[in-house]
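Chemist: To start, I am sharing the structure in question, which I have written as structure tokens.
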Amino acid sequence: MKVLVVGSGGREHAIAWKLLQSPQVQEVVCVPGNGGTAKLERCRNLGLGINDFEGIGRFALVNNIGLIVVGPEVPLAAGITDDLRRQGLTVFGPTQAGAQVESSKAWAKALMQEAKIPTAASAVFTEAAGAIAYVQQQGAPIVIKADGLAAGKGVTVAATEAEAIAAIEAAFGGQFGAAGSQVVIEECLVGQEASILAVTDGLTIRPLLPAQDHKRIGDGDTGANTGGMGAYAPAPVVTPALMERIQQEVLEPAIALLRQRQIDYRGVLYAGLMITPDGDPKVIEFNARFGDPETQVVLPLLETPLDAVLLACAQQRLADLPPLAWKPGAAACVVVAAEGYPEDYKKGLPLSGLANAESHGAIVFHAGTKLKQDQLVTDGGRVLGVTATGADFEQAIAQAYTAVQAIQFEGMYYRQDIGHRVLKRNAA
């Protein structure tokens, strides 16, 4: 089978890399891909945009593509699955209606409330004055979210009322374009975050290993929110008993209500959770696709061929698939970013040391790179995701950092404390 992967980030590199491990996968085509996918054996990049549905569809039909995997949220929200399915193609990724779980936080919140899924108390506003009055009434800390897609940067966890009001004014002032024309204001949940990526065919839903992301730019979880600075799996905070509760209280009710609303949801339902100090799971947000960088730590531990899982979802026969098989041990990913990220940063900086990093046993997933006349250069804020697996967290984390130190580009930045919670827990 030939598989086409839509997207250009670390998540898509990891998906392509994992698909190519299957004896059933002959070739992977990435649209548009990146410098890493360009160098994968039996993989090639296709110079089309992620929103060129007609071009992607035409290529897939002419080249006998057996499965299309949509990585990012933007084309899902724009209806790529609906468009490609109309052309008779097999797609892993929810329809435009299903993608609203991510493209509208207000829509997702209403879904959670109707399905009685545990989540933070919230209110939705379409103008600044009402939102500000609500913040003044509720007090801080409080969470301000732009309703629409804002590349992971539309959420402010405000420690003070002044910070919350500034976030509201920025959203309604156009900082996030149309995404900020409505805001969701939520109570500030405390506890440990966990990411549950679950695959579904719209009838059956199965969680993958739980992961934990590091959202803040700075060590000690300080500074601005980012798309994610590193991750590890399986997250010990999600015990087998807690995973059973998440299945019963979050995943099953969500998929049941989507089905009741006649939304055909075949893809990933990603639940970003807060595990409260009492051990209860509460949903912070839903996403309609694989997490990034969580995918880079979950897929290296998956033993079941990825194409078999995704195809079973796309063909609505997930219930027939045997239980997913997992490798023992742990995986850790350290994101290497450009200086200045998540604000302004330079592109086009030459990269070196990647082969040396991989010789230390790591997998280097490319997130923001491109090939320029056979030279790898930076092409994004999050440049690389350096992943290692090991018998335990200590080994996986140490190996990832050893590999990171072999890499060079001007101004490279990474957090020094990925996995601090799990290392602390083990030390205790």
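Chemist: What label, among [x] 30; [y] 66; [z] 39, belongs to percent of Cα pairs over 33 Å apart computed from the structure on display?
Modeler: [x]
Chemist: Now for a different question. Give the order of R206, R261 when sorted by the count of other beta carbons within 10 angstrom, beginning with the fewest.
Modeler: Listing R206, R261 from fewest to most nearby Cβ atoms yields R261, R206.
Chemist: Within the set of other residues whose C-beta is less than 15 Å from the C-beta of F365, count the net charge using Lys and Arg as +1 and Asp and Glu as -1.
Modeler: In short, -1.
Chemist: Follow-up. ³J(HN,Hα) across region 87-93 via Karplus (A = 6.51, B = -1.76, C = 1.60, θ = phi - 60°), whole Hz, x for Gly/Pro?
Modeler: For region 87-93, the Karplus-derived couplings read 8, x, 8, 8, 10, 9, x Hz, x marking Gly and Pro.
Chemist: Sum up the charges of everything whose Cβ sits under 15 Å from the Cβ of T81, counting Lys and Arg as +1 and Asp and Glu as -1, but leave T81 out.
Modeler: Here the charged neighbours net out to -4.
Chemist: Order by neighbour count: V62, V283, fewest other Cβ atoms within 10 Å first, most last.
Modeler: Ordered from fewest to most neighbouring Cβ atoms within 10 Å, V62, V283 come out as V62, V283.
Chemist: Can you pull the Rg over Rh of region 330-427, Cα-only, Kirkwood?
Modeler: A ratio of 1.00.
Chemist: With 10 angstrom as the radius, rank H366, H420, H13, H214 by how many other C-beta atoms surround their C-beta, starting from the fewest.
Modeler: Ascending Cβ contact count within 10 Å gives the list H420, H214, H366, H13.
Every number in this text was worked out from the coordinates using simple rules, so none of it is lab data. For clarity, every value in this text was computed on a predicted model and none was experimentally measured. Note that each Cβ is placed from the backbone with ideal geometry, even for glycine, and that neighbours are counted across all protein chains shown.
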